[in-house]
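Written out below as structure tokens is the structure these notes cover.
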Amino acid sequence: MNKFRRITLATLAGGLAAGVGFKAFGQGRRHGYGPIDPANLDRHVDRMLKHLYAEIDATDAQKQKLDPIVRQAAKDLAPMRENLHAARREAIELLSQDKVDPAALEALRAKQIGLADEASRRLTRAMTEAAEVLTPEQRKELAAHFARRRRWAHG
């Protein structure tokens with residue numbers, strides 16, 4: 001396999017891994033693939049916010065400000081998740097052909113990089129908006145919480 005094909009496949013695999021991450025954000029790790037039912041998304045966001053509020057000891061005023069920030073970000077990211085699943089299906093189809101088309105794989109990779117960039121910008125905007133609501137102490141506690149979860153998730 002030539003270097004171009006290896007790089008393309010590795011990049012595509014990275015995009016697919018990002019899709020799994022969006023799945024976890026959009027619906028929770030225990031749920032399957034497919035369209036996000038708005039009720040499931042709302043329940044997931046409710047559960048996530050409940051834990052967030054407890055972790056940082058959020059005031060009622062902070063809860064009122066954080067709720068729409070998180071809900072809108074989740075709604076904005078849900079279609080991106082669907083695009084990632086469509087790309088996964090397209091990659092499987094492209095790689096199943098008798099002859100693999102490097103140009104088609106590269107186009108798919110470039111499209112996925114664009115989607116990942118768009119999602120990253122949206123998440124950054126939500127984090128910035130949320131950070132403006134929280135005190136420095138709450139941001140530090142939240143950062144410590146995510147660091148603990150990351151260590152737990154990765155052994």
- prompt: Taking θ as phi - 60°, what are the ³J(HN,Hα) couplings along the stretch 65-81 by the Karplus curve (6.51, -1.76, 1.60), each to the nearest whole Hz, with x for Gly and Pro?
  reply: 7, 6, 3, x, 4, 5, 4, 5, 4, 4, 5, 5, 7, 4, x, 5, 4
message: On a full-extension model of 0.36 nm per residue, what is the gain between THR124 and GLN64, subtracting their alpha-carbon distance, rounded to one decimal in nm?
response: 19.6 nm
message: If the only charges are +1 at each Lys and Arg Cβ and -1 at each Asp and Glu Cβ, what is the size of the charge dipole of the stretch 46-155 around the Cα centre, to the nearest 20 debye?
response: 280 debye
field: Stretch gain in nm, segment ASP117-PHE146, where the contour uses 0.36 nm per residue and the Cα spacing is subtracted
entry: 8.3 nm
Residue-by-residue Karplus 3J(HN,Hα) for the stretch 47-55, coefficients 6.51, -1.76, 1.60, Hz, glycine and proline x: 5, 5, 5, 4, 5, 4, 4, 5, 4
query: How much length, in nm to one decimal, is gained on full extension between ASP57 and ALA86, taken as 0.36 nm per residue of separation minus their Cα-Cα distance?
result: 6.5 nm
- line: Diffusion coefficient in µm²/s returned for the stretch 47-121 by Stokes-Einstein, Kirkwood Rh over C-alpha pairs, 20 °C and 1.002 mPa s, is 142 µm²/s
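We did not get these values from a lab; they are worked out from the coordinates using the rules stated. Everything numeric here is computed off the predicted structure, so don't read it as measured data. Methodologically, a virtual Cβ is constructed for each residue, glycine included, from the backbone with ideal geometry; neighbour enumeration extends over all protein chains shown.
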